Amino acid sequence: QVQLVESGGGSVQAGGSLRLSCAASGRTSRYTMGWFRQAPGKERESVAQITWMGSITRYADSVKGRFTISRDNAKNTLYLQMNSLKPEDTAVYYCAAKVNPAIVSTPEAYDSWGQGTQVTVSS
């Protein structure tokens with residue numbers, strides 16, 4: 001397993017932007033990684049995933065066209081650029097990594113998790 005630490009969360013108004021980062025200790029260059037989120041009283045849900053070379057990405061329908069996932073393997077860092085934020089994007093955002101290279105969106109498939117960072121979008 002690797003250690004993951006998210007940063008970049010905060011409070012913004014609807015329509016604003018935030019960029020989340022996830023720093024990994026240990027090499028994650030061959031790991032598929034992803035972002036997930038969990039709102040109060042709701043289950044953890046998929047946001048976006050990316051393969052280890054960054055050649056394949058997958059997004060939840062709710063964030064397509066607004067969020068962009070990327071990674072810098074030289075820096076062992078995963079990013080999530082979030083634009084046109086909506087109040088319904090409010091949640092704790094988690095990054096996760098999995099050794100198996102298959103790109104999947106189910107949280108249970110991921111081996112390592114960060115502690116989460118809060119994103120709050122006000123209307």
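The values are calculated or read from the model by the stated rules, or taken from the named source; none is laboratory data. All of these numbers come straight from a predicted model, not from anything done at the bench. Please note: Cβ atoms are built from the backbone with ideal geometry, for glycine as well, and neighbour counts cover all protein chains shown. Ligands, DNA and RNA are stripped out before the accessible areas are found, and what is left, the full protein with its side chains, is counted by its heavy atoms. Shrake-Rupley method; radii C 1.70, N 1.55, O 1.52, S 1.80 Å.
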Residue check, Ser84 closer than 11 Å to Gly34 by Cα and at pLDDT 95 or above
no
Within region 1-32, considering residues that are part of a strand (DSSP E or B) and open to solvent by 40 Å² or more (accessible area, probe 1.4 Å), the one farthest from Gln115 (Cα to Cα)
Gln13
Read through the list (1) at pLDDT 95 or above; (2) more than 17 Å from Gln115 (Cβ to Cβ); (3) surrounded by 13 or more Cβ atoms within 10 Å (Cβ to Cβ), then give the number of the only condition that Gln38 fails.
(2)
Yes or no: region 49-67 includes at least one residue that is surrounded by fewer than 18 Cβ atoms within 10 Å (Cβ to Cβ) and assigned to a strand (DSSP E or B).
yes
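Being of a type in the set (Lys, Arg) and either over 23 Å from Ala102 (Cα atoms) or within 8 Å of the chain's Cα centre (by Cα) (or both) is the filter here; which residues of region 33-47 pass it?
Matches in region 33-47: Arg37, Lys42.
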Scan region 33-46 and give yes if some residue there is aliphatic (A, V, I, L, M), assigned to a loop (DSSP other than H, G, I, E, B) and touching a residue at least 40 places away in the same chain (Cβ under 8 Å), otherwise no.
yes
Among (1) among the aliphatic types (A, V, I, L, M); (2) open to solvent by 60 Å² or more (accessible area, probe 1.4 Å); (3) touching a Gly at 6+ places or on another chain (Cβ under 7 Å), which single condition is Leu85 missing?
(2)
Residue list for region 68-89, filter: acidic (Asp, Glu) and in a helix (DSSP H, G or I):
Glu88, Asp89
Filter region 93-122 for residues that are in a strand (DSSP E or B) and of a type in the set (A, V, I, L, M) and give the result.
Ala96, Ala97, Val119, Val121
